[in-house]
1. Output yes when any residue across segment 45-58 is farther than 29 Å from residue 157 by Cα and either touching a residue at least 24 places away in the same chain (Cβ under 8 Å) or among the hydrophobic types (A, V, I, L, M, F, W, C) (or both), and no when none is.
2. Which of the residues spanning segment 59-75 are within 11 Å of the ligand (Cβ to nearest atom) and free of Cβ contacts under 8 Å to residues at least 24 places away in the same chain?
3. State all residues of segment 15-31 that are within 13 Å of the chain's Cα centre (by Cα) and either within 14 Å of residue 120 (Cα to Cα) or surrounded by 20 or more Cβ atoms within 10 Å (Cβ to Cβ) (or both); if no residue qualifies, say none.
4. Just checking, does segment 160-177 include any residue being aliphatic (A, V, I, L, M), more than 19 Å from the chain's Cα centre (by Cα) and part of a helix (DSSP H, G or I)?
5. Please indicate, with yes or no, whether at least one residue in segment 136-147 is among the charged types (D, E, K, R) and either in contact (Cβ under 8 Å) with a residue 12 or more places away in the chain or surrounded by 12 or more Cβ atoms within 10 Å (Cβ to Cβ) (or both).
6. In segment 190-209, what residues are farther than 13 Å from residue 9 by Cα, touching a residue at least 24 places away in the same chain (Cβ under 8 Å) and within 28 Å of the chain's Cα centre (by Cα)?
7. Can you tell me which residue within segment 92-132, out of those that are small (Gly, Ala, Ser) and assigned to a loop (DSSP other than H, G, I, E, B), is farthest from residue 17 (Cα to Cα)?
8. So, in segment 42-79, exactly how many residues are more than 29 Å from residue 116 (Cα to Cα) and among the acidic types (Asp, Glu)?
Amino acid sequence: MIREKGILIVISGFSGAGKGTLVKKMLRTYDNYALSISMTTRQPREGERDGVEYFFTDKEQFEENIGRDGFIEYACYCGNYYGTPKAYVEEQLEAGKDVILEIEIQGALKVKEKFPESLLLFVTPPSAEELQRRLVGRGTETPEVIAKRLARASEESEGIEAYDYIVVNDDLDVCVAELHAIVDAARRAPVRREQFIKEIREELKGFAKGAE
Ligand code: 5GP
């Protein structure tokens, strides 16, 4: 069996779209995924642990890491830095894992520019009303922050066309299955089967020579 590198998967979506829950379920259900843990300068929410949900850090350390070229991408979102540390992602892709980056749109666009073979998925709730309901229901943000995040969602909706697929998160299990099916299909695209194509070409050349 020819081993290809893993797929770099970007999952974005409005804050409150349920990305976190979806990604956790994908990791639990299938064994081909690895999740990149981002670094952020945002304060931890209650129950969030350093090194699990995020690597929590301060502005100085974050900027030092930018200087060391330690990020695949980074962005500023609602006043805080968020970035994808490079080393883990590269390691996991080499090991054949499909690596999930759960990041916002500016970062997603940077990833696509650097890695054109990456797969960009956008997750959305069925409606704007449902999004607001989920953000309020989560109870982790103040009304002011919720308003900021909804305004940001409106801006982000302008960029959806940059993604390869849009998936509606109405029923969690259905959405997880859809995301997995998309990744599975994407694996069959020639840009992601470079090794296979190279090897079969070599072999065919060998046969062609034999027939001369
Ligand atoms: P939250 O504060 O709700 O955890 O995340 C806010 C936004 O930042 C979400 O849209 C999330 O996907 C995004 N985000 C998390 N980590 C990263 C990262 O490493 N890079 C970028 N560009 N966005 C991130």
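The values are calculated or read from the model by the stated rules, or taken from the named source; none is laboratory data. Remember, predicted model here, so these are calculated numbers, not experimental data. A quick note on method: Cβ atoms are made from the backbone with ideal geometry, for glycine too, and the neighbour counts reach across all protein chains shown.
1. No, segment 45-58 has no match at all.
2. Filtering segment 59-75 for residues within 11 Å of the ligand (Cβ to nearest atom) gives 62, 71-75.
Across segment 59-75, the qualifying residue is only 62.
3. Residues of segment 15-31 within 13 Å of the chain's Cα centre (by Cα): 19-20, 22-24, 26-27.
19, 22, 23, 26, listed by residue number.
4. Step one: filter segment 160-177 for residues aliphatic (A, V, I, L, M), giving 160, 162, 166-168, 172, 174, 176-177.
Then keep just the ones that are more than 19 Å from the chain's Cα centre (by Cα); that gives none.
Among the residues of segment 160-177, not one is aliphatic (A, V, I, L, M), more than 19 Å from the chain's Cα centre (by Cα) and part of a helix (DSSP H, G or I), which makes the answer no.
5. Just the residues of segment 136-147 that are among the charged types (D, E, K, R), to begin with: 138, 141, 144.
Going one step further and asking which of them are either in contact (Cβ under 8 Å) with a residue 12 or more places away in the chain or surrounded by 12 or more Cβ atoms within 10 Å (Cβ to Cβ) (or both), we end up with 138, 141.
The answer is yes, given that some residue of segment 136-147 is among the charged types (D, E, K, R) and either in contact (Cβ under 8 Å) with a residue 12 or more places away in the chain or surrounded by 12 or more Cβ atoms within 10 Å (Cβ to Cβ) (or both).
6. Taking segment 190-209 and keeping what is farther than 13 Å from residue 9 by Cα, we get 190-191, 193-209.
Now drop any that are not touching a residue at least 24 places away in the same chain (Cβ under 8 Å), which leaves 191, 193-196, 199.
Across segment 190-209, the qualifying residues are 191, 193, 194, 195, 196.
7. At the first step, the residues of segment 92-132 found to be small (Gly, Ala, Ser) are 95-96, 107-108, 118, 127-128.
So of that shortlist, the ones also assigned to a loop (DSSP other than H, G, I, E, B) come out as 95-96, 118, 127.
Numbers: 95: 30, 96: 28, 118: 21, 127: 10 Å.
Among them, the one singled out is 95.
8. The total comes to 5.
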